[in-house]
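First comes the structure, then the notes that go with it.
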Amino acid sequence: MINYDRSKIIRMSGVEPESIVDGPGFRYAAFVQGCKHNCPGCHNPQTHDFKGGYDVTVGEVFDDIVRNPHIKGVTFSGGEPFEQTEALLELAKGVKEQGLNLMCYSGYTYEELKDRKDSSTDALLDLTDILVDGKFVEALKNLELAYRGSENQRVIDMNKTRAEGDIVLYKSGFGVEL
């Protein structure tokens, strides 16, 4: 049994409890509040203001996730999840304990996140199965991309990246690189 702190507070913009577009499979998507990137053309501009949204405990979100036995994975989006790593790390521990996969979006690149040398960032990355990294760039917008909005963003298979020591892009169940 993994111990995690259910009392930590997450600043949330909203949730999509049954999503088929925020990652592979039937998922729960948590949209955190607050983002420093302010990418022009962002799909979720309402999530940028750090004072917006509402506070919720890790335990409340976790209980909402496990209420649905059909959920296969959880996605942290936003806003910028890596601005709230301490609280999201606790939620990620609970998610992984349930055998669910974890996908995280970030406007930071994988390299920028690793360069932080921050224990909660590193621990959250260690629990992440798929990372979509990089800022949204409006000039590179492509509506045909899976799980990302612009061509500069990468969909990284974090399990293979950890195993190989180099970035490995995620491939769909059909063997197609995304």
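Computed from the coordinates by the stated procedures, all read-outs in this text should not be read as laboratory data. The shown structure was predicted, so the numbers you read here are calculated from the model rather than taken from an experiment. Positions of Cβ are backbone-derived with ideal geometry, glycine not excepted, and every protein chain shown enters the neighbour counts.
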Karplus-derived HN-Hα couplings along segment 107-118 (A = 6.51, B = -1.76, C = 1.60, θ = phi - 60°), whole Hz, x at Gly and Pro:
x, 7, 7, 3, 4, 5, 5, 5, 5, 4, 6, 10
In a GNM of the chain with a 10 Å cut-off on Cα contacts, which of Ser106, Ser19, Ser119 has the highest mean-square fluctuation?
Ser119
Across the chain, how large is the tail of the calculated P(r) beyond 22 Å, expressed as a percent of all Cα pairs?
40 percent
Alpha-carbon centroids, segment 1-38 and segment 83-145: separation in whole Å:
11 Å
In whole Å, what are the extents of segment 1-58 along the principal axes defined by its C-alpha atoms, from largest to smallest?
43, 29, 16
Note, Lys135: beta-carbon cut-off 15 Å, +1 each Lys/Arg, -1 each Asp/Glu, net -3
Counting each pair of different Cα atoms once, what's the Kirkwood radius of segment 89-143 in Å, rounded to one decimal?
12.3 Å
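Given R₀ = 35 Å, FRET efficiency for Phe50-Asn152 by Cβ-Cβ distance, to 0.05?
0.90
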Per residue of segment 14-19, what does 6.51 cos²θ - 1.76 cosθ + 1.60 with θ = phi - 60° give for ³J(HN,Hα)? Whole Hz please, x for Gly and Pro, Karplus curve as stated.
x, 9, 10, x, 9, 10
For segment 61-73, in residue order, the Karplus 3J(HN,Hα) values (coefficients 6.51, -1.76, 1.60; θ = phi - 60°; whole Hz; Gly and Pro = x) are 5, 4, 4, 5, 5, 6, 5, 9, x, 8, 5, 10, x
